[in-house]
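So the structure is just underneath, and the comments pick up after that.
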Amino acid sequence: MDKIYNHKDSEEKIYNKWEEAGAFKPEINPNGKPFSIILPPPNANAPLHFGHAMYVVEDILIRYHRMLGDASLWLPGADHAGFETQFVFEKQLQKEGKSRFDYDRGTLYKMIWDFVQGNRGTMENQLKRLGFSLDWSRMKFTLDPKVIEVVYKTFKKLHDDELVYRDLKLVNYCTKDGTGFSDLEVLHVEHNDPLYYMKYGPFVLATVRPETKFGDTAVAVHPKDLRYKEYIGKEIEFESLIGKVRLRVVGDEAVDPEFGTGVVKVTPSHDFTDFEIGKRHGLAMKQVIGFDGKLTEIAGKYEGLKVKEAREVISKDLIDQGLMEKVDDKYKHTVSTCYKCGRVLEPLPMEQWFIKVKPLVKESVKALKDKEIKVVPKRFEKTMIQWFDNFHDWNISRQLVWGIRIPAWKCEKCDEWIVTEGQSPEKCAKCNSKELVQDPDTFDTWFSSGQWPFATLMSSSSSKLKTKNSKIDEDSSDFEKFYPTSVMETAYDILPWWVCRMVMFGIYTTGKVPFKTVYYHGLIRDSKGQKMSKSKGNVINPIEMIEKYSADAVRMALVFGASAGNDQSLAEEKIRGMRNFANKLWNIARFIDINRTQNLKLKTQSLDELEKIAKEEADKRMIEAVKELTEKTTKHVEKFELNLAAEGLYEFVWHEFADKYIEDVKNRINKESFIILNSLFIIQLKLLHPFIPFITEEIFGKFTGNMLITERWPSFAKASTDVKALADRSAGSRRG
Ligand SMILES: [Zn+2]
Ligand SMILES: [Zn+2]
């Protein structure tokens, strides 16, 4: 063995060997019981960051279950990430002095498609660099035709069940990016803005948005506000900047008598509360801000001004004409902004498709309460239920080209909408007209990724790799075998966007929960606990760290000290420390190797066999200790306490096995003690394999000529009952 382990020589070679052997396919354990994890699909266009590296948790679980003998499937995929990708692409267009408006829909889509394809391999290669044992033969993309088929079927079914409807409502719209968002996607930012007190006839009313005044269709007061009670139901007349205006005074509970003067203007087209007031009182809608972010012709001489300019010009004119009582300079309030470009979002009236969420939520909450889904850590169960309780109807229409186009057509003659599973309808179902126009909008990306666990498995058939005695025949689909999936593992920060929706759609479409356990990992922060970001310059690049210290060191660093659901600080020192651990392991292996050449024909023994050989007290104690280590590691992994498993292994291998035991054995090495030493080391390699797969594979290969990835997880006859039960369930495959 070389004096120093060189990860650069070994990692790629080993990964290829695993892949060539078909070790990542569940068929490698043909008789095992199914165990499955669907990889949260990274954005197909973006390079990897440390958040993705946390999927090491999934790899550890998959490798452990593979070693138990389970038919373990870890299915990779990529997300088209509609808005995110189109945003990045448009930025690139901008650099070339172009914009999305320079191209027709088809051309733009094709250009983004090529752009994404050009970048796609990057992400996949980076996942490979981390040693992730994903079954690449089952790779899925959210825009695969078969996946789209599933997504369309779900939409049609929702529509048939009247859980999808089309309605005109206000939407949070980014006038720069040209699309609406759901309420979950809105970034709420605190702003200091002037508060304007405008004169409206007998009233003075306060607003931060004088520019929407031409869209007013009423003024409102609280029905019990004695100051204004006499006005309710009457009309007021006053001078606005573009002529005389008459507005009705309505009494509505939504008005806060404490805000401003207790009188507010009602602009149903541009404010969510006003929209509701408008509905209650049958008020007209007047759109004074267009989708381009400029004032419409309703604003008279102010038409064409952008919102910000309009606010300045109009407030100045109001002051000049004596129509402004006063301006309070610093009014603190929360503003909805675009999470990508930072622009203030405009509430704008728009027809869209909505999902009626309440009925779907009911089943999801029930599944959580009935423990059909186990949540790790447990505290997130409550978080999920709280989100479910607060979900509103979800608008899934996005005004983007990059995405899955909504399979709905409008009849130009009678305005009827026809929804299909993707096929263009021949004629209107109501009036037989053939003048049908497809909805230009695409689905919110979360609508398709919310169906990911079943959409991937339904669109994938089992691989053709046939093994002797295989129970998997070519007809059995992945969906039948692997759904519900075993574990969903993801960062907690996408809990409401993604995880909750997967539960909703999973139960709705398949009648079953999409996963039996959901595990949330924490976020990776820098050594000072700050969020990593390009602007702060504190980003650590996982690939650089792999180059420098090995994938094993990166993996171990991510698990060590990181319990489920808690954020962790990651410093380069920690990764370096784990590289040192790998070096320690290599040195142990070298010591054994040197002695091995003198004892060539000695075979590795099981723990139970070793007990019979052991005569020395120190040997007996070490055998017991390794048994205990095996039990503890198994229990921790089963309970998703991967940090405890990793820490226990690290401590034991370094301080008990290397520092104490080997130091002692060195002086008395003989045939028996060598067998014990060698066998106990092999067991530790197996226990370490899911965490640091490359170096353990390298050593195991050198020692045995076999492949560690498909070896069985250590077990022994007198194991405690729960560990025994785990080992027994893979007994079938061992016999096979
Ligand atoms: Zn924006
Ligand atoms: Zn029609």
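Scanning segment 332-348 for residues that are out of contact with any Ser or Thr (no Cβ under 8 Å at 6 or more places or on another chain), assigned to a loop (DSSP other than H, G, I, E, B) and under 14 Å from Thr175 (Cβ atoms) yields Cys338, Lys340, Cys341, Gly342.
In segment 173-186, the residue that is nearest to the chain's Cα centre (by Cα) out of those that are near ligand 1 (Cβ under 10 Å from one of its atoms) and in a strand (DSSP E or B) is Phe181.
Among the helices (runs of 4 or more DSSP H) confined to segment 607-716, the ones with at least 1 residues that are within 16 Å of Lys584 (Cα to Cα) and open to solvent by less than 20 Å² (accessible area, probe 1.4 Å) are located at 642-651, 671-688, 693-704. Is there a residue in segment 237-250 that is within 30 Å of Ser182 (Cα to Cα) and either open to solvent by 20 Å² or more (accessible area, probe 1.4 Å) or not basic (Lys, Arg) (or both)? Checked segment 237-250: at least one residue is within 30 Å of Ser182 (Cα to Cα) and either open to solvent by 20 Å² or more (accessible area, probe 1.4 Å) or not basic (Lys, Arg) (or both). Once segment 407-434 is narrowed to residues that are under 17 Å from Ile148 (Cβ atoms) and part of a loop (DSSP other than H, G, I, E, B), the residue that is farthest from ligand 1 (Cβ to nearest atom) is Gln423. Taken over segment 425-468, the criterion of being surrounded by fewer than 20 Cβ atoms within 10 Å (Cβ to Cβ), of a type in the set (Ser, Thr, Tyr) and either closer than 26 Å to Phe181 by Cα or at pLDDT 95 or above (or both) is satisfied by Ser433 alone. Just a yes or no: is a residue in segment 391-400 within 16 Å of ligand 1 (Cβ to nearest atom), in a loop (DSSP other than H, G, I, E, B) and of a type outside the set (S, T, N, Q)? Looking for residues that are within 16 Å of ligand 1 (Cβ to nearest atom), in a loop (DSSP other than H, G, I, E, B) and of a type outside the set (S, T, N, Q), one finds at least one in segment 391-400, hence yes. Within segment 652-667, residues that are among the hydrophobic types (A, V, I, L, M, F, W, C) have Cβ atoms under 7 Å from residues that are open to solvent by 20 Å² or more (accessible area, probe 1.4 Å) and modelled with pLDDT of 95 or more in these pairs: Trp654/Lys584; Ala658/Lys584, counting only partners at least 6 apart in sequence or on another chain. Within segment 1-13, residues that are in contact (Cβ under 8 Å) with a residue 24 or more places away in the chain reach partners that are part of a loop (DSSP other than H, G, I, E, B) with beta carbons closer than 8 Å, at six or more positions or on different chains, in the pairs His7/Ser550; Glu11/Gly131; Glu11/Ser550. Restricting segment 197-216 to residues that are open to solvent by 20 Å² or more (accessible area, probe 1.4 Å) and over 42 Å from the mean Cα position of the chain (by Cα), the residue that is farthest from ligand 1 (Cβ to nearest atom) is Pro202. When Glu96 is tested against (1) closer than 30 Å to Ile60 by Cα; (2) open to solvent by 50 Å² or more (accessible area, probe 1.4 Å), just one condition goes unmet, and that condition is (1). Residues in segment 26-56 that are surrounded by fewer than 22 Cβ atoms within 10 Å (Cβ to Cβ) and more than 30 Å from Gln86 (Cα to Cα): Glu27, Ile28, Pro30, Asn31, Lys33, Pro34.
Filtered by the rule that a residue be open to solvent by 40 Å² or more (accessible area, probe 1.4 Å) and farther than 19 Å from Leu649 by Cβ, segment 549-597 gives Asn566, Asp567, Ser569, Glu572, Glu573, Arg590, Ile594, Arg596, Thr597.
The values are calculated or read from the model by the stated rules, or taken from the named source; none is laboratory data. As the structure is a prediction and not an experimental result, all values here were calculated from the model. Virtual Cβ from ideal backbone geometry, glycine too; neighbours counted across all protein chains shown. Ligands, DNA and RNA are stripped out before the accessible areas are found, and what is left, the full protein with its side chains, is counted by its heavy atoms. Shrake-Rupley method; radii C 1.70, N 1.55, O 1.52, S 1.80 Å.
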